[in-house]
Every structure is written in C-alpha cells, then in structure tokens.
Amino acid sequence: MPTPVTPLLTVDAVVFDRQGRLLLIRRKHAPFAGAYAFPGGFVDVGETVEDACRRELQEETGLIASKITLIGAYSDPKRDPRMHTCSLAYLVKARKYNAVAGDDAAEVEWVEDWKRVAVAFDHRKIIADAARLLKWM
C-alpha cells in the first residue's frame, strides 16, 4: 500500500511567566522571518507530540517544560504558507524562566503587551484559546 500524503505534524509551546508575560520568539527563517511566533516545530519520526513540544521549547529558548497541557489542534490548510500542517498547541509551565534564543529563534522575548502584537501563522487564535484555558484552570 502506498504511503498516503498527509499534513505534516507540528507543535507549538505557549508559555506565560509569573507576571503574565508571553514567551515569543522572533523567527530566524521564512516564512515570517523576523515575526513573533511561539517556540515550536515539526515532530520527528518516533517522537511523541509531547516530547516534540518539550524538545522544541528547549532548543529554541533553553527552557525546560515541567508540565504541558493540550490547548488544541490547529489544522487550517492555509495556516502555513509552505505546506499543509496540523499543529498541536500546548500550554507549558517551565521550571525556570530565563530564556535564551537558540536553534530557529533569532531572538526570544517575554512580551507584556501580547494582546496587541502581530504574530505569525494562526498564533493569534492559539493565544486566544490559551487565554480562555488559563481562565478555567
């Protein structure tokens, strides 16, 4: 049986610090080079989505996740201009909050006014869903 062509699987890590600031990276590469986005990326073969979320967060920011909670699945075929992707977004609690840019992140920043900044992909919707989830927790 031939391998079906399906969307690529990605993860996004949504991290708020104790002051309510949101962790965002500046993307190093296209698409959206220089734009704010969540730490995240593609799930490797043989890796769980939870492990991918933890790995991407650590690679791009140096932070280690202590707890992750699923926010939702985001699968709009137009969410990534390169190809059809499906992303699982996680609300992440980190062990420490001293982030340093690495891997695909040109910069990493704790953004206080996160409700007003422009973000890449469909991250505005993910932010709204994460904020609603935080109110329930």
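How many residues are modelled with pLDDT of 95 or more, farther than 17 Å from residue 57 by Cα and not basic (Lys, Arg) when one looks only at the range 121-137?
Going residue by residue through the range 121-137, those that are modelled with pLDDT of 95 or more are 121-130.
With farther than 17 Å from residue 57 by Cα added as a condition, the list becomes 121-122, 124-125, 128-129.
Right, trim to not basic (Lys, Arg) and you get 121-122, 128-129.
Result for the range 121-137: 4.
If we scan the range 55-74, do we find a residue that is surrounded by 14 or more Cβ atoms within 10 Å (Cβ to Cβ), within 17 Å of residue 124 (Cα to Cα), touching a strand residue (DSSP E or B) at 6+ places or on another chain (Cβ under 8 Å) and not aromatic (Phe, Trp, Tyr)? So far as the range 55-74 goes, yes, one or more of its residues are surrounded by 14 or more Cβ atoms within 10 Å (Cβ to Cβ), within 17 Å of residue 124 (Cα to Cα), touching a strand residue (DSSP E or B) at 6+ places or on another chain (Cβ under 8 Å) and not aromatic (Phe, Trp, Tyr). For the range 11-21, the criterion of being over 10 Å from the mean Cα position of the chain (by Cα), within 19 Å of residue 104 (Cα to Cα) and either aliphatic (A, V, I, L, M) or surrounded by fewer than 19 Cβ atoms within 10 Å (Cβ to Cβ) (or both) is met by no residue. Only a single criterion out of (1) of a type in the set (A, V, I, L, M, F, W, C); (2) part of a strand (DSSP E or B); (3) closer than 29 Å to residue 5 by Cα; (4) touching a residue at least 24 places away in the same chain (Cβ under 8 Å) is not satisfied by residue 110, namely (3).
Cβ separations smaller than 9 Å between residues 6+ apart or across chains give the following pairs from the range 1-30 residues that are in contact (Cβ under 8 Å) with a residue 60 or more places away in the chain to residues that are polar (S, T, N, Q) and not in a strand (DSSP E or B): 7/75; 13/61; 15/61; 23/61; 25/61. Considering the conditions (1) surrounded by 13 or more Cβ atoms within 10 Å (Cβ to Cβ); (2) in a loop (DSSP other than H, G, I, E, B); (3) free of Cβ contacts under 8 Å to residues at least 24 places away in the same chain, residue 116 is excluded by exactly one of them, (1).
In the range 64-92, the residues that are modelled with pLDDT of 95 or more form Cβ pairs under 6 Å with partners that are buried (at least 20 other Cβ atoms within 10 Å of the Cβ) and part of a loop (DSSP other than H, G, I, E, B), at six or more places apart or across chains, as follows: 79/121.
Go through the range 80-107 and give me each residue that's touching a His at 6+ places or on another chain (Cβ under 8 Å) and in a strand (DSSP E or B).
Pass one, the range 80-107, residues touching a His at 6+ places or on another chain (Cβ under 8 Å): 104.
Scanning the range 80-107 gives no hits.
The values are calculated or read from the model by the stated rules, or taken from the named source; none is laboratory data. On a predicted model such as this, the values are computed, not experimentally measured, just so you know. So basically every Cβ, Gly included, is an ideal-geometry build from the backbone, and we count neighbours across all protein chains shown.
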